[in-house]
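Report on one structure; see the data block that follows.
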Amino acid sequence: MYASSTKVSNFERIFISLNAIVSGIVLTFLAVEGPLILNKLTYKTSPSSIYQIQGQDLINLILLSPLLIIGGMLLLFKKESYKYFLILTPLTVIYYVLSYTIGMEWSHPTYSGNSEKYAYYFLYLLISSLLILFYTLPAFRGVTMNFKKRNLAVYSIICIVFSLMFASMWLKEVNEVVVNGISKTYNDAPTVFWVIRYFDLGFSIPLMLLSTYLLWTRPHSSFSIQMLSYGFFITMITAVIAMGICMLINGDPLATIQQLLFFCALGIIVYSGFIFILRSVK
């Protein structure tokens with residue numbers, strides 16, 4: 001005999017809500033253990049990457065963890081607003097896990113660290129994020145958007161231009177490695193270099209362009225994809241800005257004011273786009 005749909009629905013709601021809350025606690029634990037605070041969790045990577053980890057850990061503490069815990073609590077108590085919190089987290093947490101495990105583990109044989117001891121925490125976050133992603137996407141079914149074409153055109157042009165500028169910045173570094181076999185950031189941490197460039201050029205930037213395209217072609221059915229995409233964009237760009245600030249504070253020679261200003265400008269566009277999407281809901 002099959003379980004009733006109500007029982008299944010309640011089980012899924014409780015299971016996902018508890019997963020979200022535990023994920024927020026695990027993220028907080030890893031951030032506290034890491035180089036930002038206790039420095040018990042150490043990574044086999046360069047000093048520059050460590051400064052970036054400090055920035056990511058800060059955002060995990062003040063943004064991602066609260067989103068997960070609050071969203072989980074709202075879902076547990078059957079509040080529909082839970083979806084606006086949880087949908088913002090899964091892609092960024094997946095990005096975080098992959099770059100901080102695969103990327104940081106094998107950056108350079110001379111670096112020492114103990115991140116492998118925390119492998120099961122990272123694995124849990126990866127699985128939990130995947131479950132949260134699939135649970136929250138259908139929750140936006142039926143939500144539609146309505147735009148003024150002129151405003152949408154201006155926004156689309158700005159998004160496309162900055163996406164292509166971002167892509168060209170990374171492609172310039174990739175081409176430098178392809179042609180010469182070296183670059184400052186590649187030599188510093190080669191595995192991290194490729195993980196981030198492949199993820200951004202093969203996922204983040206195409207996702208930005210795809211979400212812009214969907215605003216024109218499927219405004220009445222793509223709200224969940226917009227929320228998922230912008231969840232990734234706003235949390236990730238906030239983390240990148242925090243990374244840049246930490247790098248500058250620590251005197252990292254790889255950090256520049258120009259790059260930080262570029263990412264701040266990109267952050268303004270991303271947050272403006274997120275507000276634009278929310279205000280378009282009918």
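FYI, it's all coordinate maths here, none of it is from the lab. Keep in mind it's a predicted model, so treat the numbers as computed, not measured. We place every Cβ from the backbone using ideal geometry, glycine too, and count neighbours over all the protein chains shown.
From largest to smallest, what semi-axes in whole angstrom does the range 73-139 give when each is the square root of 5 times an eigenvalue of its alpha carbon gyration tensor?
Values: eigenvalues 199, 24, 14 Å².
Each semi-axis is the square root of five times an eigenvalue, giving 32, 11, 8 Å.
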GNM of the chain, Cα pairs under 10 angstrom: of Phe147, Phe203, Phe193, the biggest fluctuation goes to Phe203
Would you look at the GNM of the chain, springs on alpha carbons closer than 10 Å, and say which of Leu58, Leu152, Leu207 moves the most? Leu152
Pop the C-beta distance of Leu130 and Phe77 into the FRET formula with R0 = 35 Å and round what comes out to the nearest 0.05. 0.90
With all pairs of different alpha carbon atoms counted, what Kirkwood hydrodynamic radius in Å does the range 5-279 show? 19.6 Å
Springs between alpha-carbon atoms under 10 Å, Gaussian network over the chain: tell me which of Ser129, Ser48, Ser272 tops the mean-square fluctuations. Ser272
The range 1-87: GluC sites (Glu not before Pro) in DSSP coil with no more than 15 other Cβ atoms inside 10 Å: Glu80
Straight-line reach from Lys149: which lysines have Cα under 18 Å away, leaving out those fewer than 8 places along the same chain? Lys282
Convex hull volume per residue in cubic angstrom - Cα atoms of the range 118-198: 136 Å³
Taking amide hydrogens as modeled 1.01 Å from N in the peptide plane, which residues meet the under 5 Å criterion relative to Tyr43, leaving out close sequence neighbours? Asn114
Mean Cα-pair separation over length for the chain, i.e. relative contact order, pairs under 8 Å, 6 or more apart, %: 25 percent
Could I have the simple spin-label model distance between Leu171 and Ile158, label points 7 Å from Cα toward Cβ, reported in nm to one decimal? 2.4 nm
Which helices of the chain meet both criteria: a Cα extent of 27 Å or more along the helical axis and a mean Kyte-Doolittle score no lower than 1.6, with helices taken as whole DSSP H segments? 223-249, 257-279
